[in-house]
Each structure stands twice: as structure tokens, then as C-alpha cells.
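Remarks on the structure that follows.
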Amino acid sequence: MIHVFVGPTLTRCEPQLAAPRVQVWPPVGHGGLFDAAIRSGDTAVIIDGVYHQAPALRHKEILAAVGRGVRVVGAASIGALRAAELADFGMLGVGRVYAAYVRGEIDGDDEVAVGQAPDGEFAALTWPVVNLRSVLQLARSAGVLDVVRADRLLACLRAIYYPQRTWAAVRAVCRRQGESEFADWLARQRMQDEHFGDVKRADALAAISAALDDGPVQQAAAPLTPPLWETTYFRRWSNSFARTVVDGLELSTEDRLVYQQVFDPEFRTTWAAYLEHRSLHPTGGRPGLPLAERLAQVTGSGMPADRVFHPAVDLRDEETVSLLLAGETDLDRQAVAQYADVLARARASRAGFQTAAVRDDLALQLLLQVWRCPEEELDAEASARGLVCAARAVAEAKRLVPALFQEKVEMTDGTEAAGVTR
């Protein structure tokens, strides 16, 4: 399967995007390559991506995709920029924009950035600098501009903030610089060919053609090893984007785990079993040891294993998920779906809402009530449940507070409310 992430550079009616093996995605953003539909052996063609209105695609996300056997091709826009940055690590580049980045002729995001329509159609509202360079070069070839005038115009056009670099702004700058003849010439060329000078579009089409033909693109580097991307931040990202479909419900795996850590009275046993499993089956080819033996090697103080070992959890790993969610019930999953729906409505109704903004004292009160322990024992209880410490437990429990608050309000109003299942 060929996954094409594209927005303003190409319209959805391009024939190549309708090819049987092609799946079209919106402009890629942070987390886009974690989607389970993108599998080993597939090709991901990155053309457009978000970065102003939403978090941009991280480099380590691309490295991880390459590492798991996805052929990642970049061209035209942010794809060309990322391909130039990661060429030594196996990302493949296509086209003039990519080549210009590699040669150092251009640098920076502003060369390919455009303002996009906010209506979901991803139409470009402004001109990228690389296309301005292209039309100025064509004007020089046609004898409309000389080198000095073209360079002066480019400098003036680059000075416009990219969301404001509309066609009207381009014409206005040309008039102020005494280059109305060039502006009129460019308008005539665009009337004859709406894609005149659009180097980004040409590169995007070339990249899709290369993916469909399995070439010609730069060859990948040697296979990558996980340490290149397996950082604490990457694990946090990959866990936050992990999703599973169970009984027709598409749920965040991380939400499911946090629900069990907070509400399952037996989760202390579940976490202890997980620590034992990790000790017997460590990553990186190291020898396995019973947990008690490993603990004895590390400390002789008799501290509980959960206070000594805090292994990073990989929620992309099916065995890990199976072990940690062993006690999950159908009612638990329904509650997780309900809580996620409340959070989604909160985000939609309150601009900029984030769970981190939930008051600490409300999450703390929730944990103290559910775990039925004094506050001075909260660190120990959180650790025994795989949450490391009280502060971490409070931060994770915040995602549960809005739904619980809503339940309390509904109960106060005398309406039927879904309660906590544990």
C-alpha cells in the first residue's frame, strides 16, 4: 500500500491519487505515522504537513517508521525538507525542492510554507518561496527580468510573512518595485496554465509516480537500530497515539491502562506480574533473571521491586498490553469510551482545553477516595500500580476528572449516571 500525505500541493482529483494501491491522507502531523494502517512493506509518501496550527511530524517518528520496514519518501513541501534532513538515515527524497535543500541552495521551513484554507479542503491560499523562485527563473529565461531585478523582487517577496503572501500581495509588491510588466506577464502565464511555475506540484507528482513504479529514488541507507529513535519522548508519543479496537470501540490504549491503574483494586498484582515478566524477558538480548534475584543484585535494603524498577512501557507491544490489561472488563472499556467522549466534548467546547489544566487537587482527591489510603502513603500506592509516584499519578488521573465531575453533577440533578465500575 502507498500512503500519500497531501493537502494544498495537490488536489484530490489528481489521477495518480486514484490508483488502486494509493491511500490518500490529510497533511501529516505529529503522530501521523503511528497509524496501524501503515505497515512494514508499505510506502509512505510525505508531501504536505501541518506545523503552524498543530504539532509537526517529528524526525524520530520517521526514523521509527523506516526502522519497522516502511519505505518513507519525501518531496515538494515538508516532505522534501524532512527527506533532506534524514537522507543519511534512510528517508528517500525526490524532486527539485529536495535537491535544493540537499545542496544547501535553500534552507528553512519558509521556503515551502503556505497558508491553508480552514474549511478542511486544505487549499493553498498563498505562494511558497520555492514557487516564486521558479517563476522568477522562468521570467529570466524569457527575458522579462534580469538577474538583479529578479533577486530584488525575490528579497521583497520573501519578506512577506508566509500566510500573507497571496497573489494580490505578490502583485502589490511588483507594482511597488516598478515591475508591473513582470506581474502582467505572470498573470498571462497563469491564465494559460494554472500550474505555471508550480515546482512543488511537479515534485509531488514525481514522488507518487516513483512510489507507484518502485523507483527512481535515492537508495536507503543501512537498516536503522531502535536506539536512534527509542527515547523517552518517543515512547511517550508512541504510547499516546496507540489505539485499539475492542468490541467495536476504538479506544486509546493509554486511557485503558490508566483506567486500570486507578480503578482496578487488583492492579498491584498485575503490575508485580509485569515486573516479573520483564525481569525474565528483558529487552536488548540481556539474560533473564527472576525478579527477586535481580532485586537482590541491585539492593539489599529489602525495598519493594516496584520502588526500584520503573521499566518504560511500550503500548505498541501486544504482549505488554495483554499483560497489563488482563483484568479489564467490558464495563471498563465502556467507561473508558465514555470518559474519552467527555474529554472530546470539553476540547471542542473550550478553546485550548488540555487535561493538564485540570486542578491537581481534584485528581488528588479522586486517587485518595479510590485507593482509600492516607496522603502520606500515596507515593507507595502509585508506585505499586506502575505510576512511579504520587505526582505522576495525579497527572495521569486528570484525564478521568471531567467525566467523574459530570457524573457527580448528573447524580446531584437526580439523573441516571454511569458510575465507576470498580
> residue 245 versus residue 51, label points 7 Å from Cα toward the beta carbon: distance in nm?
Replying inline: 3.3
> When only C-alpha pairs under 8 Å and at least 6 residues apart count, what is the relative contact order of region 265-338, in percent?
Replying inline: 33
>> From the phi angles alone, apply the Karplus equation (6.51, -1.76, 1.60; θ = phi - 60°) to region 327-332 and give each ³J(HN,Hα) in whole Hz, x where the residue is Gly or Pro.
In response: x, 6, 10, 4, 5, 4
>> Need the full-extension length gain, residue 359 to residue 293, defined as separation in residues times 0.36 nm minus the C-alpha distance. One decimal, nm.
In response: 19.6 nm
> How would you order 332-341, 105-114 from highest to lowest mean count of nearby Cβ atoms within 10 Å?
Replying inline: 332-341, 105-114
>> Given a Förster distance of 35 Å, report the FRET efficiency between residue 13 and residue 309 from their Cβ-Cβ distance, rounded to the nearest 0.05.
In response: 0.05
> For region 222-364, what is Rg from Cα atoms divided by 2.2 N^0.38 Å, rounded to two decimals?
Replying inline: 1.23
> What is the extension gain from residue 168 to residue 231, computed as 0.36 nm multiplied by their sequence separation minus the C-alpha to C-alpha distance, in nm to one decimal?
Replying inline: 18.1 nm
> Cα centroids of region 327-363 and region 142-160: how far apart, whole angstrom?
Replying inline: 53
>> At 222 nm, what value in deg cm²/dmol follows for the chain if DSSP H runs of at least 4 each add -39500 (n - 2.57) and the sum is divided by all its residues, to the nearest 500?
In response: -14000 deg cm²/dmol
> Rounded to the nearest 0.05, what FRET efficiency do residue 377 and residue 272 have when you use their Cβ-Cβ distance and R0 = 25 Å?
Replying inline: 0.90
> Gaussian network model of the chain, Cα springs within a sub-10 Å range: biggest mean-square fluctuation belongs to which of 246, 388, 45?
Replying inline: 246
> Between residue 140 and residue 39, what is the label-to-label distance in nm when each label sits 7 Å out along the Cα-to-Cβ direction?
Replying inline: 4.9
> With the chain treated as a Gaussian network of Cα nodes joined by springs under 10 Å, which of 405, 234, 263 yields the largest mean-square fluctuation?
Replying inline: 405
> How long, wide and thick is region 129-193, going by the Cα atoms along their three principal axes, in whole angstroms, largest first?
Replying inline: 28, 26, 22
> For labels at residue 188 and residue 326 in the simple 7 Å Cα→Cβ model, what's the distance in nm?
Replying inline: 7.9
>> Springs between alpha-carbon pairs under 10 angstrom, Gaussian network model over the chain: which of 236, 286, 71 fluctuates most?
In response: 286
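Read the figures in this text as sums done on the coordinates, not as results from a lab. The model shown is predicted, which means the values in this text are computed figures rather than measured ones. In this analysis, Cβ positions are derived from the backbone assuming ideal geometry, glycine residues included, and neighbour counts consider all displayed protein chains.
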